[in-house]
Amino acid sequence: MNRKSLRLLGCVAVAAVLCLLLAAGPAAAQQKVIKIGTIFPLTGPVANAGQRCQAAVQTAVEIVNGQHPGVKVPLAKKGGLLGGYKIQLVHADSQGKPDIGKAEAERLLNQEGVWALIGSYNSSVSGPASLVAERAKKIFMCGASSSSALTKRNLNYFFRLAPTDATESAEFVEVLKWLNQKQNANIRTIGIIYENTLFGKGAAGEAKKAATAAGFSVVVDVPYTPGATNLNSEVQTLKTKNPDALFGAVLGADYALMVKTMKQANWVPRMSINYCSGYQDPIIAKQLGKDADLFMGSNAYTPQFATLLPAVAAVEKIFKTKTKGVPFDGDSIQEAVAVIVLAQAIEKAGSLDPEKVVKVLHESTFDSPLSLGGKVQFAKGGQNIKAFSIVTQLQNGEYKRLYPAELADSKAKVVFPMKPWNKR
Amino acid sequence: MVNPTKNRIFGKDAVWLLFIAVVAVLPLVPGFADNSFRMHVFILILLYASMAQAWNILGGYCGQVSFGHSVFFGIGAYGAAMALVTYGTAPWPGILIGMAAAGLVAVVISYPCFKLSGHYFAIATFAIVEIFFRMFQVWDWIGGAIGLDYPVIEEGLWNLVWYSKTGYYYFALILFVIVFGVVRWLEGHRFGYYMKAVREGQETAESLGVNSAMVKLTAMAISAVLTALCGVFFVQYNLRVDPSMVISLDMAMKFVLITILGGAGTLLGPLAGAAVLIPLQEYTRAFWGGLGGGIDLIIFGLIIILMVIKQPAGIVGIFQGIRQRIAKARGKGGAEIGTP
């Protein structure tokens, strides 16, 4: 390396660092703008899901800011909030890592001057990021993180839309009882496969609690490391114990790998039911094709719920322009709901004072045509008590609504037990 | 006759003392502490420089490349978190236990590993990270995969938790002074020369009477204890720990990357590496992370590749090169570009 290029490289490095350190002063003065920060895993193992969540937030903001007479959700026709305020989004990438999510929450609140935060998909990121918001007395809207621990912290500024893994576990156990009654399924033993993270382990813990309380016996419990390249030994363990029903908390690509490995091992349980995970991801279901069929799981939304949620279609049309045609799924739609509920609270409070908006969030019930519950209401600690999901089964690539009975698809019939691979 | 003590204080070390003094008064400069993201970047520079310097003892001065330091980092972090979250006390007893445990674990696992030579030692340390990661994930006593979340607690020295960045800034600075101070002391101590002798040629060192096994084990223990102290800071700063946050290959690589980028086996290297790498990492993410698609990570990666291709001796190598040329131009002959 000659002297000239050495000097150049040295100068460039020093100048770059100095510029970076001195850059990024406080945000510019804001006029009639409500800045909201988003924190999602835009890169890393669950990047697809994170990017869809970000697109859902953008969709909802577009609806609230503009005038959309054809969209039947609250505030779609007004064109802004509080007589002319527009929401402006500032996006951040958590990479799915708690420390980065926390640092980004601080940056968004302190440097970008955002008024509230929305995020963060991964429960492990939502935890520390929402603590930052709590200390700063800023609102944190959490769409899809399902760890029940999050709303047990009794935070004042934290609000979560999705059902928790505790709610889902209770619902799954009800499904087992329903199958035993209606189909004479004789399900007695349960196996659990879950990713070894806050989400997976939390779900598995709630599953064990609910199943044991209802008299089922958990015979096998298989954790795995997320992002696994091989699940042979995990599936073999399940096959050896052969539980009647399998509960799964398996995210993204790991879910596809699990199903493929089950096929290789030529084993299926008599029924398999999954938490909000790879099961409900429309891209994964498409990739798996026929192999995804007959598995069951909980969904807050799929395009097959259109008759139950007629308001979604117009919103989804905008959403699809941002996701190259991929429809909403149960997680991403919750993020859109988070924005619309927050917007309603601001409008109702008639002020941008976080304390007043928090009071409204705690005390009101909000219309939510994008949610199965139709309403959103928060309990102390921030859990949406109107949240629930429908248990579906994939049949010929379509999510058929099965449980609860009043929301079931009248033409759909549960296929039980699951057909062995060689008879499909 | 030159007085070596006087030389130490007023010579090379004067620059360091001045540097620490400047860093210490920075938060008092009007406008500096107002920008909490800038404070965050400075805090991370001090933390990662300390982590890299702790690794540098073994990897740089003693020449034993370890990819397993995230294990000791994790043990330190868990020590403080267990005391605070599980037992509801101040983190202090946990810090001491964590540091002692890290040192002990380091000695126990490296004793057989040091029998491996060259690249095999590095490969073995890779495996150790994986073993500890899995073990911590299924170990329910320490919270397993769910990890430990800090409750909302009072700020201050007792809990080692602050609501503002200034407290953490000075905590990081103290950490930095401790770690760099130990390495500076080692540099001038007989043990420092033993380490360098082992690095340059184990057989030669042994033939001169250096007990290379003991030197390597001691270097590993010192390095692990200081790394655990850095882990304490990490958990107190992030208020949460789970195995994938600390005991990961990703974290292990950061120790190595920062030191190599800055210049391994030099006192300044880890600081130079962290001062360039951390702002790049944080600001590329702040500016471009929200765009999605990992543009920030691509730019960050490209800059690292360019640095490594253009100057394999690290940032310190660049400055030494410049100094050497200036000295040559004056006809005095220059310092050698010294990296292992």
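Before moving on, here are some points about what is shown:
- Only one of B:PHE255, B:PHE287 that is more than 12 Å from chain A (Cβ to nearest Cβ) and of a type in the set (Phe, Trp, Tyr): B:PHE255
- Those residues of the stretch B:49-91 which are under 23 Å from B:TYR111 (Cα atoms) and of a type in the set (A, V, I, L, M), in sequence order: B:MET51, B:ALA52, B:ALA54, B:ILE57, B:LEU58, B:VAL65, B:VAL71, B:ILE75
- Filter pass, A:GLU335 being buried (at least 24 other Cβ atoms within 10 Å of the Cβ) and in contact with a Lys or Arg (Cβ under 9 Å, 6 or more places away or on another chain): yes
- Criterion (away from chain B (no Cβ under 13 Å) and modelled with pLDDT of 90 or more) met by exactly one of A:ALA103, A:ALA92, A:ALA56: A:ALA56
- Count of residues meeting criterion [surrounded by fewer than 22 Cβ atoms within 10 Å (Cβ to Cβ) and either outside the structural domain of B:TRP55 (by TED's automatic domain parsing) or not polar (S, T, N, Q) (or both)] in the stretch B:238-250: 2
- The set of residues from the stretch B:145-171 being surrounded by 19 or more Cβ atoms within 10 Å (Cβ to Cβ), within 14 Å of another protein chain (Cβ to nearest Cβ) and aliphatic (A, V, I, L, M) comprises B:ALA145, B:ILE146, B:LEU148, B:VAL161.
- Those residues of the stretch B:306-317 which are under 21 Å from the mean Cα position of the chain (by Cα) and in a helix (DSSP H, G or I), in sequence order: B:MET307, B:VAL308, B:GLY314, B:ILE315, B:VAL316, B:GLY317
- Selection of first residues in the stretch A:36-60 that are farther than 21 Å from A:VAL132 by Cα and of second residues that are of a type in the set (Lys, Arg), restricted to Cβ pairs under 7 Å at least 6 apart or on distinct chains, gives the following pairs, ordered by first then second residue: A:ALA55/A:LYS322; A:GLN58/A:LYS322; A:THR59/A:LYS322.
- The stretch B:262-278: number of residues that are modelled with pLDDT of 90 or more and facing chain A (nearest Cβ under 9 Å): 1
- Contact annotation: residue pairs with Cβ atoms under 6 Å, 6 or more positions apart or on different chains, pairing a residue in the stretch A:177-204 that is without any contact (Cβ under 8 Å) to a residue 60 or more places away in the chain and more than 9 Å from chain B (Cβ to nearest Cβ) with a partner that is among the β-branched types (Val, Ile, Thr) and outside any helix (DSSP H, G or I), are A:ASN180/A:ILE187; A:THR189/A:VAL219; A:ILE190/A:VAL218; A:ALA204/A:ILE192.
- Elements of type helices (runs of 4 or more DSSP H) in the stretch A:153-269, at least 3 residues being of a type in the set (Val, Ile, Thr): A:165-182, A:232-241
- Residue check: A:SER351 meets all listed conditions (1) exposed (fewer than 15 other Cβ atoms within 10 Å of the Cβ); (2) farther than 28 Å from A:ILE139 by Cβ; (3) in contact (Cβ under 8 Å) with a residue 40 or more places away in the chain; (4) of a type outside the set (Asp, Glu) but one, namely (2).
- Cβ pairs under 8 Å, 6+ apart, first in the stretch A:356-381 and in a helix (DSSP H, G or I), second of a type in the set (S, T, N, Q): A:VAL357/A:SER351; A:VAL358/A:ASN156
- Flag if A:THR212 is under 19 Å from the mean Cα position of the chain (by Cα) and of a type in the set (Val, Ile, Thr): no
- Of the numbered criteria (1) over 19 Å from the mean Cα position of the chain (by Cα); (2) within 13 Å of chain B (Cβ to nearest Cβ), the one A:GLY66 fails is (2).
- Among the residues of the stretch A:106-137, those identified as in contact with a helix residue (DSSP H, G or I) (Cβ under 9 Å, 6 or more places away or on another chain), facing chain B (nearest Cβ under 7 Å) and either part of a helix (DSSP H, G or I) or surrounded by 24 or more Cβ atoms within 10 Å (Cβ to Cβ) (or both) are A:GLU106, A:ARG107, A:ASN110, A:SER124, A:GLY127, A:PRO128, A:LEU131.
- Subset of the stretch A:69-102 [within 22 Å of the chain's Cα centre (by Cα) and without any contact (Cβ under 8 Å) to a residue 40 or more places away in the chain]: A:PRO98, A:ASP99, A:ILE100, A:LYS102
- All conditions in (1) modelled with pLDDT under 90; (2) under 27 Å from A:PHE247 (Cα atoms) hold for A:THR307, with the sole exception of (2).
- Conditions (1) over 16 Å from the mean Cα position of the chain (by Cα); (2) in the same structural domain as A:ARG188 (by TED's automatic domain parsing); number of the one not met by A:VAL315: (2)
- Here B:LEU208 clears all of (1) within 11 Å of chain A (Cβ to nearest Cβ); (2) at pLDDT below 90; (3) over 21 Å from B:THR125 (Cβ atoms) except the condition numbered (1).
The values are calculated or read from the model by the stated rules, or taken from the named source; none is laboratory data. Note that this is a predicted model, so its numbers are computed, not measured. Cβ sites come from the backbone with ideal geometry, for glycine too, and all protein chains shown count toward neighbours.
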